[in-house]
Amino acid sequence: MRERGEGSSETRKANRGPSAGPENRRAIIAAAREVFAVDGLQAPFNAIAKKAGVGQGSLYRHFPDRLALAVAVFDENIDELETSVEPETATLDDLLDAIIEQAVVSTALIDLIWRNQHDERVTHLGERLSRVAGTVLDRERSAGRIGGHIAVEDVLLAVTMLADVVARTDPADRARVAQRAWSLFHAAFAPR
């Protein structure tokens with residue numbers, strides 16, 4: 001018979017306490033991206049915890065539900081978008097290409113965010129995306145590459161429509177369909 005505690009150092013990871021929190025959070029978000037991209041929203045939370053290398057308790061401490069996890073993923077997505085439009089040379093094409101790339105791998109989460117768009121945990125995402133779109137739109141207008149008839153709301157509508165079409169397209173065709181849709185918006189956004 002095994003003595004109490006015997007072998008526990010080999011079968012369990014050492015608990016690093018609160019200092020592991022930020023690293024665990026990053027690992028959970030990365031794992032959620034991968035797991036949800038492959039298995040959709042029905043993927044069990046324990047699959048995410050396992051992929052992240054954390055216990056379920058740690059996952060639930062950081063993200064009490066799927067929406068909290070989806071918001072964290074989208075916050076990171078918007079961080080990436082903000083960084084991508086910082087250079088003065090960044091265009092609306094660059095922004096929408098980045099959004100398409102994100103949408104192709106985040107389709108399961110897009111529906112969850114959309115269904116909960118009025119939840120107080122979600123509303124800041126729209127505000128952040130609006131600021132990013134506004135920055136690029138101002139730059140594009142100044143360069144004469146986009147018509148004065150286009151408002152930030154039009155760009156956000158295009159983003160929503162692109163995300164929706166990507167989410168409802170067969171995974172093998174998503175990138176191609178997204179590019180076709182963007183080409184239609186591109187023509188509509190051109191100066192008149």
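The values are calculated or read from the model by the stated rules, or taken from the named source; none is laboratory data. Fair warning: this is a prediction, and the values are worked out from it, not measured in the lab. Virtual Cβ from ideal backbone geometry, glycine too; neighbours counted across all protein chains shown. Areas reflect the complete protein model, heavy atoms only, side chains present, ligands, DNA and RNA absent. Shrake-Rupley method; radii C 1.70, N 1.55, O 1.52, S 1.80 Å.
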Problem - Total charge dipole magnitude, segment 135-192, about the Cα centre, Cβ charges on Lys, Arg, Asp, Glu only, Debye to nearest 20 - result: 200 debye
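May I ask you to compute the full-extension gain from residue 180 to residue 93, defined as 0.36 nm times their residue separation minus their alpha-carbon distance, rounded to one decimal in nm?
Working: separation 87, 0.36 × 87 = 31.32 nm, distance 1.29 nm.
Extra length from residue 180 to residue 93 when fully extended: 30.0 nm.
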Problem - Label-point gap, in nm, between residue 86 and residue 38 - each point 7 angstrom along Cα→Cβ - result: 3.2 nm
Completion exercise
For the chain, the per residue accessible area (1.4 Å probe, Å²) is 59 Å²
Problem - Dipole of the chain [Lys/Arg +1, Asp/Glu -1 at C-beta], most positive-end residue of 183, 102, 48 - result: 48
Handout entry: Descending semi-axes in Å of segment 151-192, equivalent ellipsoid built from Cα gyration tensor
Key = 21, 12, 4
Practice task
Please report Rg over Rh for segment 32-127, where both radii come from the alpha carbon positions and Rh follows the Kirkwood definition.
Solution key: 1.01
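With viscosity set to 1.567 mPa s at 4 °C, what whole-number translational diffusion coefficient in µm²/s follows for segment 120-184 from Stokes-Einstein and a Kirkwood radius over Cα pairs? Spell out each step's value before the answer.
Details: Rh = 13.2 Å.
In µm²/s, the coefficient rounds to 98.
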Practice task
Just add up the charged neighbours of residue 51: K/R +1, D/E -1, any other residue whose Cβ is under 11 Å from the Cβ of residue 51.
Solution key: 0
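Please list 169-177, 53-61, 103-111 highest first by mean number of surrounding beta-carbon atoms within 10 Å per residue. Walk me through the numbers before you get to the answer.
Values: 169-177: 12.8, 53-61: 15.7, 103-111: 20.8.
In descending order of packing, they fall as 103-111, 53-61, 169-177.
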Fill in the blank from the handout: Whole-percent carbon and sulfur contribution to the accessible surface of segment 21-107 (1.4 Å, no ligands, DNA or RNA) stands at 52 percent
Handout entry: Under 12 Å, Cβ to Cβ, from residue 179 - net charge with Lys/Arg +1 and Asp/Glu -1
Key = -1
Exercise for the section: State to the nearest 20 debye the size of the charge dipole of the chain about its Cα centre, where the only charges are +1 on K and R beta carbons and -1 on D and E beta carbons. Expected result: 620 debye
Problem - Computed Kirkwood radius, in angstrom, where 1/r is averaged over Cα pairs of the chain - result: 18.5 Å
Exercise for the section: Counting residues in segment 54-98 as N, plug N into 2.2 N^0.38 Å and put the Cα Rg over that result. Expected result: 1.61
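Per DSSP H run of n ≥ 4, the term is -39500 (n - 2.57); total these for the chain, divide by its residue number, and report the mean residue ellipticity at 222 nm rounded to 500 deg cm²/dmol. Kindly include the intermediate steps, with their values, before the conclusion.
Details: 10 runs with 132 residues, N = 192.
Using -39500 (n - 2.57) per qualifying helix, the result is -22000 deg cm²/dmol.
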Practice task
Compute the FRET efficiency between residue 20 and residue 121 as 1/(1 + (r/R0)^6), taking r as their Cβ-Cβ distance and R0 = 30 Å, and round to the nearest 0.05.
Solution key: 0.80
Exercise for the section: Taking every Cα atom in segment 94-144, find the radius of gyration and the maximum pairwise distance Dmax, and write them in Å. Expected result: 13.1, 37
Problem - Pairwise label distance in nanometres, residue 149 with residue 130, each label 7 Å out on the Cα-Cβ vector - result: 2.4 nm
